[in-house]
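Shown next, in structure tokens, is the structure this report addresses.
The values are calculated or read from the model by the stated rules, or taken from the named source; none is laboratory data. Predicted model, so just to flag it, every value in this text is computed and none were measured. Glycine gets a Cβ as well: all are built from the backbone with ideal geometry, and neighbour counts include every protein chain shown. Just so you know, the surface numbers come from the protein's heavy atoms only, side chains and all, with ligands and any DNA or RNA stripped out. Shrake-Rupley method; radii C 1.70, N 1.55, O 1.52, S 1.80 Å.
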Amino acid sequence: MELKVLKIDGTESGKTVVLDEQVFGIQPNDHAIYLDVVQYLANQRQGTAKTKDRSEVAYSTKKLGRQKGGGGARHGSLKAGIFVGGGNIHGPKPRDYRYKLNKKLKSLARVSALSYKAQQNAITLVEPFTMEAPKTKEFINILTALKAGDRKVLFVLPENSANIYLSSRNLPGVKVITVDEINTYEIMNSYSLVLVDGVQDVLASRVNR
């Protein structure tokens with residue numbers, strides 16, 4: 001697949017890039033994408049949900065009535081879960097939701113997601129640029145010129161740029177990341193990708209790594 005590299009004003013730079021078929025032209029594996037996205041979301045969970053069981057509730061431990069002859073259940077205290085304010089039965093406890101996936105599976109999921117974007121013609125290449133200062137309005141103009149500002153867009157840089165990141169931070173639907181941070185979830189969660197020229201070569205060098 002060939003793509004023309006654009007300038008930040010939306011005009012053609014005169015350079016054409018051929019995207020690596022191993023990264024942008026494979027038959028996407030939906031199940032690999034599913035597994036990687038689920039793992040990513042699980043790894044974002046804090047796992048701090050906590051409820052008090054009957055041993056932690058601040059209530060009297062006095063036995064409510066005699067063991068037999070009362071005509072009802074045998075309760076030891078108001079801490080029992082069936083009473084209002086009693087301990088929670090089988091409630092959540094702090095836990096770690098993170099788990100690992102095979103590296104080759106994650107690599108397959110990532111290139112599958114990139115291939116989907118290539119099939120949908122949702123990838124734009126832009127030549128490297130810098131911003132002298134954080135300017136949100138200037139960044140909006142760049143997105144507009146690249147025809148990438150109408151829906152969710154993932155802007156991928158070869159390396160960190162504080163000014164570009166700060167310029168995009170207040171824009172809903174726009175996320176700026178470096179190529180080291182790219183993952184299946186962010187790709188699938190965006191409508192289009194804007195790659196700074198050179199990012200595609202880094203991605204190609206990391207296939208199955």
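Would you tally the net charge around Arg74, using a Cβ to Cβ cut-off of less than 13 Å, leaving Arg74 out, and scoring K and R as +1, D and E as -1?
+3
Which ³J(HN,Hα) values, rounded to whole Hz and listed in residue order, are derived for segment 94-99 from phi using the Karplus coefficients 6.51, -1.76 and 1.60 in 6.51 cos²θ - 1.76 cosθ + 1.60 with θ = phi - 60°, glycine and proline given as x?
Residue by residue, segment 94-99 yields x, 8, 9, 8, 5, 8 Hz.
For every other residue with a beta carbon closer than 10 angstrom to the beta carbon of Lys4, add +1 if it is Lys or Arg and -1 if Asp or Glu, then tell me the sum.
Net of charged neighbours comes to -1.
Keeping every protein chain present and rolling a 1.4 Å probe, give me the accessible area per residue for the chain in Å².
Result: 62 Å² of accessible area for each residue.
Using Cα pairs closer than 8 Å and at least 6 residues apart in sequence, work out the relative contact order for the chain, in percent.
Numbers: 355 pairs, mean separation 53.6, N = 209.
The value is 26 percent.
Below 8 Å between Cα atoms, with a sequence gap of 6+, how large is the relative contact order for segment 131-209 in percent?
36 percent
Could you state the principal axis extents of the C-alpha atoms in segment 1-56, from the largest down, to the nearest angstrom?
For segment 1-56, the Cα spread along each principal axis is 72, 31, 11 Å.
Measuring from the lowest to the highest alpha carbon on each principal axis, how far does segment 55-159 reach, largest first, in angstroms?
Sorted from largest, the Cα extents of segment 55-159 read 84, 37, 24 Å.
Which percent of the accessible area of the chain is formed by carbon and sulfur heavy atoms (probe 1.4 angstrom)?
Carbon plus sulfur share of accessible area: 49 percent.
Got a sec to turn the phi values of segment 37-46 into Karplus ³J(HN,Hα) couplings, 6.51 cos²θ - 1.76 cosθ + 1.60 with θ = phi - 60°, whole Hz, x for Gly and Pro?
Residue by residue, segment 37-46 yields 5, 4, 5, 4, 5, 5, 6, 7, 6, 6 Hz.
Using a Cα-Cα cut-off of under 16 Å, which aspartates and glutamates could be cross-linked to Lys147, ignoring same-chain neighbours fewer than 8 residues away?
In chain and number order, the partners are Asp9, Glu12, Glu127, Glu138.
When the convex hull of the Cα atoms of segment 140-187 is projected onto a plane and the area is averaged over all directions, what value comes out in nm²?
Values: hull surface 13.5 nm².
Average of the hull's projected areas for segment 140-187 equals 3.4 nm².
With both partners inside the chain, how many of the DSSP beta bridges are antiparallel, as a percent to the nearest 5? Could you put the intermediate results ahead of the total?
Values: 4 of 19 bridges.
Once the DSSP bridges in the chain are tallied, antiparallel ones form about 20 percent.
With a sphere of radius 11 Å drawn around the Cβ of Pro158, what net charge do the other residues whose Cβ falls strictly inside it have (Lys, Arg +1; Asp, Glu -1)?
-4
Write down the radius of gyration of the chain and its Dmax, each obtained from C-alpha positions, in Å.
Looking at the chain, its Cα Rg and Dmax stand at 26.6, 93 Å.
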